[in-house]
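Asks: Encoded as structure tokens, here's the structure I'll be asking about.
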Amino acid sequence: MLNFKYHNPTKIIFGKGRIKDVAKEIPKGSRILITYGGGSVRRNGVLDQVMNALEGRDVLEFSGIEPNPEYDTLMKCVELARSERIDFILAVGGGSVIDGTKFIAAAVPYQGDTWEIATSFGRRIGGSLPFGTVLTLPATGSEMNSNAVISRCSLNAKLAFGHPSLFPVFSVLDPTTTYTLPPEQISNGIIDTFVHVTEQYLTYPVQGKLQDRFAEGLLLTLIEDGPVALREPENYDVRASLMWCATLGLNGLIGAGVPQDWATHMVGHELTALYGLDHGKTLAIVLPALLRARRNEKRDKLLQYAERVWGIVEGDDDARIEAAIEKTQAFFESLGVRTALSAYGISNECIPRVAELLEQHGLTRLGERSDITPDTVREVLELCL
Ligand code: NZQ
Ligand code: ZN
């Protein structure tokens, strides 16, 4: 196992009816700013629950944080938070609202050009305003990690950054808030969680036995519960299970002490920046192709994955690996998510564009061995057509 340091200070408040607990978690006398997206939380009553919980407190609202949160929108909120002297932010929504809130929390005290927060991958952040979250979409793990991804359309940029000050102070995970999610977002969330796990599992072995078993447990749970979540939107136990899987998929636990890949994500971010595809869909397209292109480098873990996750034991090594990749792809398709670029009307003209953006963003040595270059990405994308 590799050396690691693990620290995760986010308090999780899990279960039905827990939104009312937020008031206790926010220091008395705080000037609170509630951030949310395009209105789903207004329509499904989650915002009302938050407002009731904070009755009598000093609360302002900022709405309109879009999916793939946009820098210009977030800067409007930064100005509001500065002028209103906000000292606690509460994000209510999915990964985009939480990520946007992380940017706002870091940008409010930031001296200088706030775009540097993203272009420096977070290295220039000095500290952030404290914030909590009420999660309504299980997918990103942003509710229990210190990373965020924001976009700036005018620059074709979608950049990830992180900083230790960007862990939420607390996150409320009430699975009933997910009942109103459109099936498409449930599918995106299942695939996002699945790929967070594979990014930390399908690399090379380092005898991280527990991390492997934990990762396999998450994948098996997603395969079992994912289709049920789509068929039975108000099945509490299934929604609870997916919500906790999503959080554990990217809160640092399964990645501690093992190599990590993240190339699928970096290529996916460029596809979103160029074509506006949902994050989960980009991953469903790129992962199977990346696994095929990297089958030799990932051989041992792919064979373990084939056997332990998909029960594939027949055939030679290559046949078992290909069967596991086919099963993965079929699982994504069974959730209603297409896995080829052509299904989204994207042709091979995307290949040089993605490679160029990766170079522009300094993302030229990706993967668990830092050996995935823009040329490798070109090969991967050829397999995505
Ligand atoms: O904007 P509203 O009206 O709230 O609607 C949202 C949005 O349209 C809707 N929604 C959310 N909860 C709902 C709901 N609709 C009905 N009922 C509910 N309970 O769902 C739509 C998508 O929301 P969004 O927040 O964009 O989705 P998701 O949580 O999948 O977040 C995706 C973003 O997270 C980033 C992605 O790149 C993308 O920008 N990621 C963040 C990561 C992190 N911070 O660690 C890691 C991930 O790999 C990912 O990159
Ligand atoms: Zn993701």
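The values are calculated or read from the model by the stated rules, or taken from the named source; none is laboratory data. All figures in this text were calculated on a predicted structure; none of them were measured in a lab. No Cβ is skipped: glycine too gets one built from the backbone with ideal geometry, and neighbour counts run over all protein chains shown. In case anyone asks, the SASA skips ligands and DNA or RNA and just uses the protein heavy atoms, side chains included. Shrake-Rupley method; radii C 1.70, N 1.55, O 1.52, S 1.80 Å.
Asks: Aspartates and glutamates near Lys20 by alpha-carbon distance under 15 Å, same-chain residues fewer than 8 away left out - which ones?
Replies: Leaving aside aspartates and glutamates fewer than 8 places away in the same chain, those within reach of Lys20 are Asp48, Glu55, Asp174.
Asks: Mind pulling the angle between the C-alpha long axis of helix 299-310 and the longest principal axis of the chain? Nearest 10 degrees, somewhere in 0 to 90.
Replies: It works out to around 70 degrees.
Asks: In degrees from 0 to 90, rounded to the nearest 10, what is the angle of the helix 279-293 Cα long axis to the longest principal axis of the chain?
Replies: 30 degrees
Asks: Sort Val238, Val313 by accessible area with a 1.4 Å probe, largest first.
Replies: The ordering from most to least exposed comes out as Val313, Val238.
Asks: Kindly sort Arg308, Arg299 by accessible area of their heavy atoms, largest first, with the probe set to 1.4 Å.
Replies: From most accessible down to least: Arg308, Arg299.
Asks: Angle between the Cα long axis of helix 209-231 and the longest principal axis of the chain, 0 to 90 degrees, nearest 10?
Replies: 80 degrees
Asks: Please state the shape class of region 154-298: rounded when a/c is under 1.5, otherwise prolate if a/b exceeds b/c and oblate if not, all from the C-alpha gyration tensor.
Replies: Details: a/c = 1.38, a/b = 1.16, b/c = 1.20.
Rounded, because the longest to shortest axis ratio a/c is under 1.5.
Asks: Of all DSSP beta bridges in the chain, what percent run antiparallel (nearest 5)?
Replies: Around 25 percent of the beta bridges assigned by DSSP in the chain are antiparallel ones.
Asks: Then there is this: When all protein chains stay in place, what accessible area (Å², nearest 10, 1.4 Å probe) is found for Lys20?
Replies: Answer for Lys20: close to 140 Å² accessible.
Asks: Now, a different point. How far apart, in nm, are two points set 7 Å out from the Cα along the Cα-to-Cβ line at Gln111 and at Glu66?
Replies: 3.4 nm
Asks: Now, a different point. Could you tell me the center-to-center distance, by alpha carbons, between region 332-376 and region 244-309 in angstrom?
Replies: 12 Å
Asks: Bin width 10 Å, origin at 0, all Cα-Cα pairs of the chain: what percent of pairs per bin?
Replies: The distribution over the chain is 5, 24, 34, 25, 10, 2, 0, given as percents.
Asks: Run the accessible area of the chain with a 1.4 Å probe and give the carbon-and-sulfur part as a rounded percent.
Replies: 49 percent
Asks: What accessible surface, in Å², does a 1.4 Å probe find on Met144, ignoring ligands, DNA and RNA and rounding to the nearest 10?
Replies: Counting only protein heavy atoms, the figure is 20 Å².
Asks: OK, next. Would you calculate, for the chain, the mean residue ellipticity at 222 nm contributed by helices, counting each DSSP H stretch of 4 or more residues as -39,500 (n - 2.57) and dividing by all residues, to the nearest 500?
Replies: -14500 deg cm²/dmol, from helical runs alone.
Asks: Considering only the other residues whose Cβ falls under 11 Å of the Cβ of Lys298, what net charge follows from Lys and Arg at +1 and Asp and Glu at -1? Before the final figure, lay out each step's value.
Replies: Values: positive: Arg292, Arg294, Arg295, Arg299, Lys301, Arg369; negative: Asp261, Glu297, Asp300, Glu368.
Once positives and negatives cancel, what remains is +2.
Asks: Whole Å is fine, so just give me how far the alpha carbon centre of region 1-30 lies from that of region 163-229.
Replies: Region 1-30 and region 163-229 have Cα centres separated by 18 Å.
Asks: Only bridges whose two residues both fall in region 11-177 count here: according to DSSP, what percent of them are antiparallel, nearest 5?
Replies: Working: 6 of 29 bridges.
Expressed as a percentage, antiparallel bridges in region 11-177 total about 20.
Asks: In terms of solvent-accessible area of protein heavy atoms at a 1.4 angstrom probe, what is the ranking of Thr180, Thr35, highest value first?
Replies: Details: Thr180 90, Thr35 0 Å².
From most accessible down to least: Thr180, Thr35.
Asks: If ligands, DNA and RNA are left out, what is the accessible area of Trp244 with a 1.4 Å probe, given in Å² to the nearest 10?
Replies: Near enough 100 Å² of accessible area.
Asks: On to the next question. Can you give the extra length, in nm with one decimal, that the chain gains between Ser347 and Ser154 once fully stretched, where that is 0.36 nm per residue apart less the Cα-Cα distance? It would help to have the intermediate numbers written out before the result.
Replies: On the way: separation 193, 0.36 × 193 = 69.48 nm, distance 2.25 nm.
Extending this stretch completely gives an extra 67.2 nm.
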